[in-house]
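Let me begin by presenting the structure, written as structure tokens, before commenting on it.
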Amino acid sequence: MNNAEKKTVAKMIRIYCAAKHGGKDGLCLECTALNEYAEKRLERCTYGEDKPSCQKCPIHCYKPDMKARIQEVMRFSGPRMLFRSPLMALHHLWKNFRS
């Protein structure tokens with residue numbers, strides 16, 4: 001599985017945790033669990049390297065409660081990624097545009 005995708009999700013979770021839970025030195029337990037869950041889902045993705053972005057994917061591999069949590073994280077962190085990690089954000093946007 002593409003490590004860039006894992007790094008992007010992890011960065012978004014770190015941004016969210018720092019802002020919402022005060023996790024400046026690391027992730028809180030809730031965000032750690034979400035990050036581990038997301039990593040497992042990405043590792044098991046049937047599309048492998050050709051994986052589309054989650055919002056464009058025909059297979060929804062997240063459980064409904066975890067899907068809601070990751071969507072909340074992405075809605076919050078997505079716009080902030082342009083300032084915190086612009087290259088990572090642009091790569092993610094380009095991948096969404098291509099698929």
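The values are calculated or read from the model by the stated rules, or taken from the named source; none is laboratory data. This one's a predicted model, so the numbers in the text were calculated from it and none came from an experiment. All Cβ positions, even for glycine, are placed from backbone atoms using ideal geometry, and neighbour counts span all protein chains on display.
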### Message
Restricting to the stretch 49-81, count the residues that are of a type in the set (A, V, I, L, M, F, W, C) and surrounded by fewer than 13 Cβ atoms within 10 Å (Cβ to Cβ).
### Response
2
### Message
Out of the residues in the stretch 32-48 meeting the condition of being of a type in the set (A, V, I, L, M, F, W, C) and either part of a helix (DSSP H, G or I) or closer than 15 Å to residue 92 by Cβ (or both), tell me which one is farthest from the chain's Cα centre (by Cα).
### Response
33
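Does at least one position in the stretch 64-77 carry a residue that is touching a Leu at 6+ places or on another chain (Cβ under 8 Å), basic (Lys, Arg) and at pLDDT 90 or above?
First, pick out the residues of the stretch 64-77 that are touching a Leu at 6+ places or on another chain (Cβ under 8 Å): 66, 69-70, 73.
Now restrict to residues that are basic (Lys, Arg): 69.
Then keep just the ones that are at pLDDT 90 or above; that gives 69.
Yes.
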### Query
What do you reckon, is residue 80 charged (D, E, K, R), in a helix (DSSP H, G or I), within 15 Å of residue 14 (Cβ to Cβ) and in contact (Cβ under 8 Å) with a residue 40 or more places away in the chain?
yes
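Being without any contact (Cβ under 8 Å) to a residue 12 or more places away in the chain and within 14 Å of the chain's Cα centre (by Cα) is the requirement here; does residue 86 meet it?
Details: without any contact (Cβ under 8 Å) to a residue 12 or more places away in the chain: yes; within 14 Å of the chain's Cα centre (by Cα): no.
When the stated conditions are applied, residue 86 does not pass them.
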### Query
Quick check: anything in the stretch 13-27 surrounded by 10 or more Cβ atoms within 10 Å (Cβ to Cβ) and in contact with a Gly (Cβ under 8 Å, 6 or more places away or on another chain)?
yes
### Query
Of all residues in the stretch 49-63 being under 16 Å from residue 96 (Cβ atoms) and in a loop (DSSP other than H, G, I, E, B), which is modelled with the highest pLDDT?
58
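Give the residue that is farthest from residue 89 (Cα to Cα), with candidates limited to residues of the stretch 13-31 that are of a type in the set (A, V, I, L, M) and free of Cβ contacts under 8 Å to residues at least 24 places away in the same chain. It would help to see each step written out before you state the result.
In the first step, residues of the stretch 13-31 are kept if they are of a type in the set (A, V, I, L, M); the result is 13, 15, 18-19, 27, 29.
Subsequent filtering for residues that are free of Cβ contacts under 8 Å to residues at least 24 places away in the same chain retains 18, 27, 29.
Values: 18: 18, 27: 21, 29: 25 Å.
Among those residues, the one meeting the criterion is 29.
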#### Entry: Meets criteria (at pLDDT below 95 and touching a Cys at 6+ places or on another chain (Cβ under 7 Å)) for residue 90
no
